[in-house]
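Data block below; observations after.
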Amino acid sequence: MALDLVGAPSGRRVSEWKGALVRLRRSVASVDGDGVDAWLGLGSGVFAGGAGMRGPRLLKEMPSFGGDLLDPAQSHGDVLVQVAGDDEKTVRQAAEKVVGRAGGWRMRWQVDGFRDGNRVEDGKGLSRNPFHFTEGFGNPGTQREVADRAVVRSGQGEPDWAVGGSYQVVRIVRFATELWDKDSVREQERVIGRRRDGRWLDGTPAHEHPGFAADPNGRATPLDSHVRLAAPDRRNPPPLVRRSYNYDRGDGDSGLIFSCFQRDLATGFEAVQKRLEGEAMAKYILTTGGGYFFVPPPGEAWMDGLFTQVTQATGNA
């Protein structure tokens with residue numbers, strides 16, 4: 001769910017943001033646990049409008065990339081709230097509680113997701129996307145590796161309160177499944193660059209590195225295949241962690257809620273997205289919404305750091 005603070009965005013004082021974020025943070029915390037995971041992400045709108053708060057260094061409104069058709073009503077937002085769990089009814093009730101208890105926020109957009117074939121193998125969260133392919137093999141297999149790719153460190157030029165947080169990218173990607181299903185499985189695998197079960201096209205097992213260097217002309221794995229463009233050097237994978245969900249709104253509107261976390265947007269998601277321009281899969285997908293958000297570190301200390309910093313600097317309480 002993406003929410004906007006009620007009222008005109010211009011001229012909001014620090015006290016308005018602080019009160020609203022405290023309420024929302026408490027509301028999210030009240031449903032986090034007992035089978036539900038819930039967290040808050042800050043959009044660039046929180047730091048716009050002259051309130052004087054210093055935001056994460058790379059946080060901005062998500063740009064439109066080649067082939068995107070972003071619907072403003074389904075994009076961006078002052079904050080992101082994600083609520084996840086194993087039971088659909090429990091998740092829905094928790095999401096309703098978050099909005100109902102927070103006060104002062106209005107819904108900008110919402111999308112419900114699910115993970116087909118959700119499982120963990122070798123420490124990696126895997127699922128099956130709407131194109132029938134297993135994804136998630138590129139994720140790290142340990143918490144240390146996850147933190148190395150996704151968690152902001154000191155020394156990155158970020159404000160102190162943001163250290164320990166993560167940049168989250170959300171992309172609502174509509175899939176042309178009817179067009180896709182007209183292609184043979186072999187053609188689909190060449191577009192993706194993997195077998196449906198994750199094995200590489202050159203026969204390499206899913207958990208090993210493929211021999212791209214031995215296939216410079218793309219005879220085994222096409223040069224414009226998705227995985228080859230996204231991560232051309234599998235020994236140095238993109239510094240991000242994926243956690244995506246399928247969605248189905250009916251009337252043919254179905255696809256993927258792409259979601260990833262990184263400590264640097266430029267070297268993470270944006271670098272991958274630029275490499276994907278011209279990929280063979282482009283004609284089957286259309287990004288219609290989503291946004292950039294910053295997930296603060298766990299706990300409440302980040303909020304004290306954020307508002308102490310700005311009030312000391314400006315006196316704007």
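The values are calculated or read from the model by the stated rules, or taken from the named source; none is laboratory data. Note that the coordinates shown come from a computational prediction; the quantities given were computed from them, not determined experimentally. Every residue, glycine as well, gets a Cβ built from its backbone with ideal geometry; the counts of neighbours run over all protein chains shown. Just the protein is used for accessible areas: all its heavy atoms, side chains included, with ligands, DNA and RNA removed. Shrake-Rupley method; radii C 1.70, N 1.55, O 1.52, S 1.80 Å.
A few comments on the model shown:
- Whole-number D in µm²/s for segment 222-275 (Stokes-Einstein; Kirkwood sum over Cα pairs; 10 °C, 1.306 mPa s): 125
- Net charge of neighbours whose Cβ lies under 13 Å from the Cβ of Val151, counting Lys and Arg as +1 and Asp and Glu as -1: 0
- Student exercise, the chain dipole from Lys, Arg, Asp, Glu Cβ charges, in Debye to nearest 20: 500
- Of the residues Thr221, Thr142, ranked by 1.4 Å probe accessible area with the largest first, the sequence reads Thr142, Thr221.
- Calculated log₁₀ intensity ratio I(q)/I(0) where the Debye formula runs over C-alpha points of segment 13-76, q = 0.12, 0.13, 0.29 Å⁻¹: -0.46, -0.53, -1.19
- Based on alpha carbons, the Rg and Dmax found for the chain are 20.3, 64 Å.
- GNM flexibility winner over the chain from Val151, Val22, Val173 (Cα, springs under 10 Å): Val22
- Exposed loop sites here mean GluC sites (Glu not before Pro) with a DSSP loop assignment and at most 11 other beta-carbon atoms within 10 Å; the chain contains its longest site-free run at 1-207.
- Shape category assigned to segment 170-303 from the gyration tensor of Cα positions, a/c cut at 1.5: oblate
- Rolling a 1.4 Å probe over the protein chains gives His226 an accessible area of about 40 Å².
- Counting only heavy atoms of the protein chains and using a 1.4 Å probe, Ser30 has close to 60 Å² of accessible surface.
- Per-residue accessible area (protein heavy atoms, 1.4 Å probe) orders Arg115, Arg194 as Arg115, Arg194, starting from the largest.
- For segment 267-283, Karplus couplings with θ = phi - 60° (6.51, -1.76, 1.60), whole Hz, Gly/Pro x: 8, x, 4, 5, 5, 5, 4, 5, 5, 7, 4, x, 5, 5, 7, 4, 6
- Per-selection Rg to Rh, segment 100-224 - Cα, Kirkwood hydrodynamic radius: 1.06
- Over segment 17-132, the hull volume per residue, using the convex hull of the C-alpha atoms, is 166 Å³.
- Using a probe of 1.4 angstrom and keeping all protein chains present, the accessible surface of segment 103-243 works out to 50 square angstrom per residue.
- Global geometry of segment 88-173, whether rounded, prolate or oblate, following the gyration tensor of its Cα atoms and the 1.5 cut on a/c: oblate
- For the chain, the relative contact order comes to 26 percent (Cα pairs under 8 Å, sequence separation of at least 6).
- The order of Trp17, Trp39 by accessible area, most exposed first and with a 1.4 Å probe, is Trp39, Trp17.
- Relative contact order [Cα under 8 Å, 6+ residues apart], segment 102-206, whole percent: 18
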